[in-house]
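Each remark here refers to the structure printed beneath this line.
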Amino acid sequence: MEISIYSKQGEKVDSVQLDEKKFGMPIRTALLRDTIAMYEANRRQGTASTKTKAEVAGGGKKPWTQKHTGRARAGSIRSPLWKGGGIVFGPKPRNYSYTIPKKAKKSALYSAIAVRARDNELIIVNDFQFDAPKTKEMASALRALGVYGESCLIVLPQPNETIWKSARNIPYVKVMASASLNAYEVLKPKKILLMRGALEKIQ
């Protein structure tokens, strides 16, 4: 698979061949689904909590005598059957996170990038340097590349504070180093701006 490489000004300067062994394989949709489910589960806080009959305040005294009232037997006004009572089998704080093998994560990442490349949503950029943090310059570069106004992920070879500061005030634009890249982050936005150095590291 051959992909064009663009400059910051939106001009085509070169092309690159993606590794056939990594990006030329059939798209593993089931693996992508399982990987996305894992990353979303790991993002869950798991803080939902309800009180059982033992935890709800009040209800220490028997409401009425056991017999001779004509009413049903009751031992507490905090019974789950009563308004204001405890919750049966309600949610409790728990950890939803789990993991899948490293090889599966890597394979899912390659499949996600291949999907983006196949759908023409992957843009390789040759150079993306700024002399100083300038949101205006970043917006101008995104317009030249045709991604301004859309959700976009900028992938760098290594963390760059200048680029991060230039992009942080633009809505729906996220900057990430290639070492932190995963299938979830690749599939989430509409466009991926991948630096040439980042692609070399991924390959």
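The values are calculated or read from the model by the stated rules, or taken from the named source; none is laboratory data. Keep in mind the model is a prediction, meaning the values are calculated, not measured. Note: ideal-geometry Cβ built from the backbone for every residue, glycine included; neighbour counts use all protein chains shown. Ligands, DNA and RNA are stripped out before the accessible areas are found, and what is left, the full protein with its side chains, is counted by its heavy atoms. Shrake-Rupley method; radii C 1.70, N 1.55, O 1.52, S 1.80 Å.
To put it simply, the accessible area of region 59-151 at a 1.4 Å probe is 52 percent carbon and sulfur. In region 100-188, a dipole from Cβ-located charges (positive for Lys and Arg, negative for Asp and Glu) runs towards its positive end, and of F130, P101, N182 it is P101 whose Cα lies farthest in that direction. Relative to the longest principal axis of the Cα atoms of the chain, helix 29-43 runs at roughly 60 degrees. Quick one: go through region 47-63 and flag any residue whose amide nitrogen is under 13 Å from the point 7 Å out along the Cα-to-Cβ line of V88. Backbone N within reach: 53. Between the amide H of Y6 and those of V13, I124, V125, N126, distances stay under 5 Å, these residues lying 5 or more places away or on another chain, with hydrogens modeled in the peptide plane.
Among the listed values (i) 178; (ii) 136; (iii) 150, the one computed from these coordinates for volume of the Cα convex hull per residue in Å³ is (i). Across M25, M38, the residue with the most accessible area heads the list, and the full order at a 1.4 Å probe is M25, M38.
At 1.4 Å probe radius, can you tell me the per residue accessible area of the chain in Å²? Each step should come with its number before you reach the end.
On the way: 12770 Å² over 203 residues.
Ligands and nucleic acids excluded, the result is 63 Å² per residue.
The dipole here belongs to the chain: it is taken about the Cα centre, uses +1 on the Cβ of Lys and Arg and -1 on the Cβ of Asp and Glu, and is about 2020 debye. Of I36, I192, the residue with the largest accessible area leads and the full order is I36, I192 (1.4 Å probe). Here K8 is the anchor, and the lysines within straight C-alpha reach of less than 30 Å, apart from those fewer than 8 places off in the same chain, are K21, K22, K106, K134, K136, K165, K174, K188, K190, K191, K201. The local environment of R44, defined by Cβ-Cβ distances under 15 Å, has a net charge of +2 under the rule Lys, Arg +1 and Asp, Glu -1. Secondary structure note: in the chain, about 25% of the DSSP beta bridges are antiparallel.
So which trypsin sites (Lys or Arg not before Pro) in region 76-126 pass both tests, a DSSP loop state and at most 15 other Cβ atoms within 10 Å of the Cβ?
Details: sites: R78, K83, R94, K102, K103, K105, K106, R116, R118; in loops: R78, K83, R94.
Taking region 76-126 and a limit of 15 other Cβ atoms within 10 Å, the loop trypsin sites (Lys or Arg not before Pro) found are K83, R94.
Given the options Y148, Y98, Y184, which has the most mean-square fluctuation in a GNM of the chain, springs set between C-alpha atoms less than 10 angstrom apart? Result for the chain, Cα springs under 10 Å: Y98 fluctuates most.
Roughly how many Å² of L187 are accessible to a 1.4 Å probe, to the nearest 10? About 60 Å², rounded to the nearest 10. Taking all protein chains as shown and a probe of 1.4 angstrom, F128 keeps an accessible surface of around 0 Å².
Net charge of the neighbourhood of S178, taken over other residues with C-beta under 15 Å away and scored Lys/Arg +1, Asp/Glu -1, is +4.
Using only alpha carbon pairs under 8 Å that are at least six residues apart, calculate the relative contact order of the chain and give it in whole percent. Before the final figure, lay out the partial values.
Working: 328 pairs, mean separation 50.5, N = 203.
Rounded, it is 25 percent for the chain.
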